[in-house]
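Student: Take a look at this one; I'll ask things after.
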Amino acid sequence: MICSTREEKKALKRKLNSSLWVGRIGPAIQALEVCRPKTKNENKLQELIDYLKARKPYIVNYNERRLQRQYMGSAHAEKACDLIVAKRQKNRGMHWSEATADALAAMKTVMLNQAWDLYWVDQQILPLATTP
């Protein structure tokens, strides 16, 4: 909605992607400002600039995260949900109350974490979240 031609749009996307991939908001905003004189939608351009400025502290360097093998998505959480809940509790004809579903998920978590001995022998329950 900002650029007038496909070529301009491709060039702008390349500039924005190369800057934002490494977490550099300044060059991305500069690239957008260069488009201002010939933009076809001033409001959308300003909206994008304001969006980037407002989220500057939260935009990460994805390249650095990738090099450090830090995860960038929700795939691990979704897989855990699949292992803990979906495969066991979403079969045809099954109906669960919230209490039984929660208890079954807790037991499956203990099993997947190989914490049977801690639970049954030592009567210790692993926390579901870490505390500071």
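Student: For the stretch 56-86, give me each residue that is closer than 14 Å to GLY23 by Cα, free of Cβ contacts under 8 Å to residues at least 24 places away in the same chain and either of a type in the set (D, E, K, R) or in contact with a His (Cβ under 6 Å, 6 or more places away or on another chain) (or both).
Tutor: Result: ARG65, ARG66.
Student: Check whether at least one residue in the stretch 73-86 is surrounded by 13 or more Cβ atoms within 10 Å (Cβ to Cβ), aliphatic (A, V, I, L, M) and closer than 27 Å to GLU8 by Cβ, and report yes or no.
Tutor: no
Student: Counting just the residues of the stretch 21-48 that are basic (Lys, Arg) and either more than 18 Å from LYS9 (Cβ to Cβ) or exposed (fewer than 12 other Cβ atoms within 10 Å of the Cβ) (or both), which one comes out nearest to the chain's Cα centre (by Cα)? Quick ask: steps written out before the conclusion?
Tutor: Keep residues of the stretch 21-48 that are basic (Lys, Arg), which gives 24, 36, 38, 40, 44.
Filter once more, keeping what is either more than 18 Å from LYS9 (Cβ to Cβ) or exposed (fewer than 12 other Cβ atoms within 10 Å of the Cβ) (or both): 24, 38.
Details: ARG24: 19, LYS38: 34 Å.
For the stretch 21-48, the residue satisfying everything is ARG24.
Student: Do the conditions hold for GLU64, that is, is it among the acidic types (Asp, Glu), part of a helix (DSSP H, G or I) and closer than 30 Å to GLU8 by Cβ?
Tutor: So GLU64 fits the description; yes.
Student: Residues TYR51, TYR58: which one is open to solvent by 60 Å² or more (accessible area, probe 1.4 Å), farther than 17 Å from MET1 by Cα and among the hydroxyl-bearing types (Ser, Thr, Tyr)?
Tutor: Of TYR51, TYR58, the one residue that is open to solvent by 60 Å² or more (accessible area, probe 1.4 Å), farther than 17 Å from MET1 by Cα and among the hydroxyl-bearing types (Ser, Thr, Tyr) is TYR58.
Student: Going through the stretch 101-116 one residue at a time, which ones are in a helix (DSSP H, G or I) and open to solvent by 70 Å² or more (accessible area, probe 1.4 Å)?
Tutor: ASP102, MET111, LEU112, TRP116
Student: Please give the number of the condition THR100 fails out of (1) of a type in the set (Val, Ile, Thr); (2) touching a helix residue (DSSP H, G or I) at 6+ places or on another chain (Cβ under 8 Å); (3) free of Cβ contacts under 8 Å to residues at least 12 places away in the same chain.
Tutor: (2)
Student: Testing LEU67 on (1) at pLDDT below 80; (2) under 30 Å from ALA31 (Cα atoms); (3) open to solvent by 70 Å² or more (accessible area, probe 1.4 Å); (4) not polar (S, T, N, Q), one condition comes back false. Which one is that?
Tutor: For LEU67, the exception is condition (1).
Student: What tally of residues in the stretch 63-113 results from selecting those that are closer than 24 Å to ILE125 by Cβ and under 23 Å from the mean Cα position of the chain (by Cα)?
Tutor: 11
The values are calculated or read from the model by the stated rules, or taken from the named source; none is laboratory data. Just so it is clear, the structure is predicted and the values come from calculations on it, not from any experiment. Don't worry about glycine lacking a Cβ; one is built from the backbone with ideal geometry, like all the others, and counts go over all protein chains shown. The accessibility values were calculated without ligands, DNA or RNA, using every heavy atom of the protein model including side chains. Shrake-Rupley method; radii C 1.70, N 1.55, O 1.52, S 1.80 Å.
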